[in-house]
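Engineer: I have a structure here, written as structure tokens, and I will follow up with some questions on it.
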Amino acid sequence: MKRKKIFVLWAMALLLTAACANDSDMLSYQPPHFNANSDAAGIYDGEWTVNKQVVDTARLEIGRSLKLRLPEDYLTRLCFPDKSGAESPQPQGKSIVVYPSTQGYSEQMELYNFCYAIFDQKNGKRFYSIGYYYATITDVDYRIDLLSNDYGNAIFRLDTGLWTIAIPIRGFFISNTITNEEREQPLSQPVTIYYNAKTRIR
């Protein structure tokens, strides 16, 4: 019983991590093989929340990958706080696809982590892109990576048969897809977005 409690506390701590980083270069990242068990694989409907407030709904697909649309409207407001009117960014609504790696399990849950790309910093440290999406501003597409100093985390609860996903964000890495100009947009305070599956469709 004591070991189970320690594991649950460890899993909760992983879901709450977030911090800061500096200038960086993106590196290639080879995702591990992922193949969810038959109980975890499926299609789910759920909600994105921030500070326990619902900011979006989305569909989660679990199989050989994890496929999920990010809460793009919410993220875009954080990333481009000064853009409005004709320059207001328009998210494209595409899902991220990541390949989680198994980190542990208990009788109650399975714990995974994931990232999409790794950024090496000039000071020798590194941080991660947990995923990315695209937004269009005045006919120009921008790729927006969600930056973190830690991996994203996903928990499949065996008692409910549902998923919880946590993505800690310390800022954004914005790339102009036409000029290839890149810049980092830090957040004044890190934020963690949570996805909670509510129902399994199939």
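Engineer: What FRET efficiency comes out for residue 49 versus residue 90 if R0 is 22 angstrom and r is the Cβ-Cβ distance? Round to the nearest 0.05.
Structural biologist: Values: r = 23 Å, r/R0 = 1.07.
So the FRET efficiency works out to roughly 0.40.
Engineer: Taking amide hydrogens as modeled 1.01 Å from N in the peptide plane, which residues meet the under 5 Å criterion relative to residue 158, leaving out close sequence neighbours?
Structural biologist: Amide H to amide H, under 5 Å and 5 or more residues apart or across chains, residue 158 pairs with 109, 110.
Engineer: Additional query: With every protein chain left in place and a probe of 1.4 Å, what is the accessible surface of residue 127, to the nearest 10 Å²?
Structural biologist: Taking all protein chains as shown, residue 127 has close to 0 Å².
Engineer: Test of understanding: what is the full-extension gain from residue 120 to residue 157, defined as 0.36 nm times their sequence separation minus their Cα-Cα distance? List each step's numbers first, then the result.
Structural biologist: Values: separation 37, 0.36 × 37 = 13.32 nm, distance 3.35 nm.
Length gained, residue 120 through residue 157: 10.0 nm.
Engineer: If you don't mind, another one. Run the numbers for residue 77 and residue 185: contour at 0.36 nm per residue of separation, minus the present Cα-Cα distance, in nm. List each step's numbers first, then the result.
Structural biologist: Values: separation 108, 0.36 × 108 = 38.88 nm, distance 1.21 nm.
Answer, rounded to one decimal: 37.7 nm.
Engineer: At a probe size of 1.4 Å, how large is the accessible area of residue 106, to the nearest 10 Å²?
Structural biologist: About 20 Å², ignoring ligands and nucleic acids.
The values are calculated or read from the model by the stated rules, or taken from the named source; none is laboratory data. In this text the structure is predicted, and so the values were computed from the model without any measurement. Note that we place each Cβ from the backbone using ideal geometry, even for glycine, and neighbour counts take in every protein chain shown. Remember, those area values only see protein heavy atoms, side chains included, never the ligands or the DNA or RNA. Shrake-Rupley method; radii C 1.70, N 1.55, O 1.52, S 1.80 Å.
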